[in-house]
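The values are calculated or read from the model by the stated rules, or taken from the named source; none is laboratory data. All figures in this text were calculated on a predicted structure; none of them were measured in a lab. When we count neighbours, we look across all protein chains shown, and the Cβ atoms used for this are built from the backbone with ideal geometry, even at glycine.
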Amino acid sequence: MLTDVALFLGGRPGARLADRMAVSTGKGTMLRLIRSLPVPSTGPVEVLGVDELALRRRRKYATVLIDMATHRPAGVLASRTAGTFAAWLRQHPEVQLICRDRAGCFRDGACAGAPQARPVAGIWHVLRNQAETVERTVGRHRVDLRDPLPTWVDATPAGQTAAGEPDIHGRPQD
């Protein structure tokens with residue numbers, strides 16, 4: 001029962017719930033229960049998602065690999081280098097599609113480790129690329145943008161019609 005609580009809530013929140021259930025335990029015990037579980041084996045991964053993971057912000061990074069068919073982790077690599085990623089891909093020749101971000105290390109690792117796989121950008125990265133392109137284009141043409149010219153409706157005083165335009169009854173004005 002404690003293992004289930006630990007899996008659903010984690011260390012400190014799991015320990016608080018266990019305490020309410022009259023089971024005295026600490027966050028360390030909850031985390032040990034999670035770590036003692038066997039790592040679930042993943043089947044063949046044909047569509048792989050790859051991104052970096054901050055273990056300690058601005059200091060230590062790892063690589064997380066996701067099976068995009070099941071949306072479950074396929075692995076975590078200790079670093080975010082192209083060599084580490086390429087080595088993992090060589091052990092998994094079934095990978096056909098790699099959904100990655102714009103990092104060069106993942107591009108290089110995919111080319112070296114899985115030449116049969118097709119790298120594609122994740123949707124977030126596609127949208128970000130598009131937004132940056134629009135910003136650059138608008139910035140380059142900012143001087144060409146000015147207030148729109150008034151239309152004939154905007155140029156006439158309220159309650160009057162422009163000369164030669166039909167009035168509300170469809171008759172031309174003189």
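Residue-level check: of (1) surrounded by fewer than 18 Cβ atoms within 10 Å (Cβ to Cβ); (2) touching a helix residue (DSSP H, G or I) at 6+ places or on another chain (Cβ under 8 Å), VAL64 misses just (2).
For the stretch 49-100, a residue qualifies if it is of a type in the set (Asp, Glu) and outside any strand (DSSP E or B), and exactly one does: GLU94. The residue pairs whose first member lies in the stretch 7-24 and is farther than 14 Å from ARG35 by Cα and modelled with pLDDT of 90 or more, whose second member is part of a helix (DSSP H, G or I) and of a type in the set (Gly, Ala, Ser), and whose beta carbons are closer than 6 Å, counting only pairs six or more residues apart or on different chains, are GLY14/ALA6. Can you confirm whether the stretch 11-19 contains a residue that is in contact with a Phe, Trp or Tyr (Cβ under 9 Å, 6 or more places away or on another chain), surrounded by 15 or more Cβ atoms within 10 Å (Cβ to Cβ), in a strand (DSSP E or B) and among the small types (Gly, Ala, Ser)? Looking through the stretch 11-19, none of the residues is in contact with a Phe, Trp or Tyr (Cβ under 9 Å, 6 or more places away or on another chain), surrounded by 15 or more Cβ atoms within 10 Å (Cβ to Cβ), in a strand (DSSP E or B) and among the small types (Gly, Ala, Ser).
Look at the stretch 110-127: where a residue is part of a helix (DSSP H, G or I) and surrounded by 11 or more Cβ atoms within 10 Å (Cβ to Cβ) and a partner is at pLDDT 90 or above and among the aliphatic types (A, V, I, L, M), sitting 6+ places away or on another chain with Cβ atoms under 6 Å, you get ALA110/ILE98; ALA112/ALA86; GLY113/ALA86; GLY113/LEU89.
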